Every structure is written in structure tokens, then in C-alpha cells.
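The values are calculated or read from the model by the stated rules, or taken from the named source; none is laboratory data. These figures come from a predicted structure and were not determined experimentally. Neighbour counts run over all protein chains shown; Cβ positions are idealised from the backbone, glycine included. Heads up: the accessible areas ignore ligands, DNA and RNA and are worked out on the full protein's heavy atoms, side chains in. Shrake-Rupley method; radii C 1.70, N 1.55, O 1.52, S 1.80 Å.
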Amino acid sequence: MTIREIAEQCLRDEAQTILDLIPYLDEQFDHAVELMLQCKGKVILTGVGKSGHVGAKIAATLSSTGTPAFFANPLDIYHGDLGVITPNDLVIAISHSGNTDDLLRFIPYLIEDKVPLIGMTSNTNSLLARYCTCHIYIRVSDEACPLNLAPTNSTTATLAMGDALACALIERRHFKASDFARFHPGGTLGKVLLTRAADVMRSDDLPVMPPSLPLGEVILRVSAGRLGLCVALDENERIIGIITDGDLRRAMQSLKDKFLTTPVSEAMSHNPKCVLPDTKITEIQDIMQRNKIHTVLVTNEDHHLLGVVDHFSCMF
């Protein structure tokens, strides 16, 4: 086999292994999700070797999606760190064989303290499967490794099952994108989800006009404002309309020689899209997409103009 053929076979094997897990999503999986929902403390992942690496990733995914979790090495737990586990916690132990000595050693302590234990193994007859509170079966017939030795299918399947748990918990907790952003404040995602209209709006030298202004003069204000629009305000400085470059072009075509003297009130849109300063950028992006527009106006509760957010302000 060529190098690419070997790589392709590996990917096919691992993909099929994940698909083969679907029939084994049973009441034990449901029980595990309920246990994690009811947990008042932390979810502690543990495992040896490659299972430990997978456990650390699952713990990170859970923590970022509303389920406080961390990874603990079973050797550290057994040699002095057992006190980190409290009766309010829950332990997820990962072992391909389910008979790993380093995991089995502290199970009696969990049973004695009535700490719920979820086992994730490929062996339903293992000691871990027998003594855990509930068992998630990671069915793996063989490894993708050409020698059938290196953990490949087994680690991929376990990782995928951990993601399945996290996704189920996201739905059950009604976890939202804004919640996710709170756990990821440093990245672009967090910035997009947490940024408000007030953070990006232009508020200086806004192009405004009275509704009686002739369209000939409106063109000059739109050009000077460099936003491609002008906002009409009434005598109380409340927003009553908006005109854009596109509106002006259409008015030129329809009004012809009357264009220059026609008041803007006859060509402007009377119901511009407005948002409050605390409106999230994600919501503004949705408004723009749904209405096929490039700008929204930012107002206070009295409908006074505070600023303008355009399409480019929403790009990160």
C-alpha cells in the first residue's frame, strides 16, 4: 500500500469505529448524563497513558461548556491526592481494558464515600465495568494501527464519546453561545460574542438632516458623512427616517428632473433598523443578514440617535 492509501485506510477505520458506537448509546449513556447533571461538585476525569490524554481533553471540553471538570492522574490520586475527591464530585474513569490496576486501586474509596463513578471501557466484563455506577461501552474490535497495537481506533472512539456527553449536556443545560463566550474571553470568538453596539459604533460627526431637506443637498451630506447614509431627525431630534446611497440612486431614476428639489421625506425609508447600545454584535449581524442591510442605527430608549454600526464594524 502507498503512504496515502495507508492514511486513507486509517481515517476510514476510525470514522467507521465512531459510527459503530451509535447502536450502543443506551440507557447507560442516559444515566451518565443525568449523573453529570445532578453533580453538585466537579467532574473528575482519570485514566492512564493514552486514556489519560483523552481524559484531559474531555475534561477541557466539559469545562468550556458549562460542566466544571478537570483531569487527575490516578497515580497522584492514589499517592496523596485522594482528598481532592469529595462526595459532591463525580469520577469518570477511562480504560480500554477496564482492568488497569492504577485505576482499580482507588475504586473502593469511591464506593465507600458514595462518589458516583462512570466507567468508559471496551470490556463489559471488566472490573471497572462491574463496579462503576454506570458503564459506557466503547466498542472497538481492533485498532487502525497496521500492527493492531497502537491506540488509534480506541482513543478516537473514546474521545468522540466524550464529545457526545458534552453535546448532550450542552442541550440539557440550555447552554448558549453567550455562555460559551464567558469561558473563552481571550479569543476572537469571545470578542464577537461579548462585543456590544456601543463598543464599535461611530458616534462622532454623524450625518443627520431635517426631513424637509432637498435631495440635492442630501447628496452632499451623505458624501461628507462617509457612511453611505444620512439620518432624518424631527424637531425633537428623534429618528424618523434614513436614506442611503441606494435610495438616492433609485430616487434619481424615478424623479428625474424633480430629484434635486424633492424633499428627502419623499424618498427616505421611514422604519430604519435600530438597536440599543447593549445589543450584542452577534444579534446585529443577524439583523443585517435577515434584512439584507449594511448598517443599523444605535439609539437610546427615547429613539435619539447615538451612533451607527456598519458591516465593517462587525468584522473581527
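This table checks each residue for (1) of a type in the set (S, T, N, Q); (2) part of a helix (DSSP H, G or I).
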| position | (1), (2) |
| --- | --- |
| Val222 | no, yes |
| Leu227 | no, no |
| Ala232 | no, no |
| Asn236 | yes, no |
| Ile239 | no, no |
| Ile243 | no, no |
| Arg249 | no, yes |
| Ser254 | yes, yes |
| Leu260 | no, yes |
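For the stretch 56-76, the set of residues classified as more than 21 Å from the chain's Cα centre (by Cα) and surrounded by 18 or more Cβ atoms within 10 Å (Cβ to Cβ) consists of Phe71, Ala72, Pro74, listed by residue number. Consider the stretch 293-304 and keep the residues that are in contact (Cβ under 8 Å) with a residue 24 or more places away in the chain and surrounded by fewer than 19 Cβ atoms within 10 Å (Cβ to Cβ). The one that is farthest from Arg238 (Cα to Cα) is His294. Could we say that Thr121 is modelled with pLDDT of 95 or more, touching a strand residue (DSSP E or B) at 6+ places or on another chain (Cβ under 8 Å), β-branched (Val, Ile, Thr) and under 22 Å from Pro68 (Cα atoms) here? The answer is no for Thr121. Annotation: of all residues in the stretch 264-287 being open to solvent by less than 30 Å² (accessible area, probe 1.4 Å) and in contact with an Asp or Glu (Cβ under 9 Å, 6 or more places away or on another chain), the one that is modelled with the lowest pLDDT is Ile281. Condition check: in contact with a strand residue (DSSP E or B) (Cβ under 8 Å, 6 or more places away or on another chain), closer than 19 Å to Gly52 by Cβ and surrounded by 22 or more Cβ atoms within 10 Å (Cβ to Cβ). Does Ser95 satisfy that? When the stated conditions are applied, Ser95 passes them. The single condition among (1) among the polar types (S, T, N, Q); (2) farther than 25 Å from Ser63 by Cα; (3) in contact with a Ser or Thr (Cβ under 6 Å, 6 or more places away or on another chain) that Ser141 does not meet is (3). Cβ separations smaller than 7 Å between residues 6+ apart or across chains give the following pairs from the stretch 118-141 residues that are farther than 11 Å from Asn99 by Cα to residues that are open to solvent by 50 Å² or more (accessible area, probe 1.4 Å) and of a type in the set (Asp, Glu): Arg139/Asp20.
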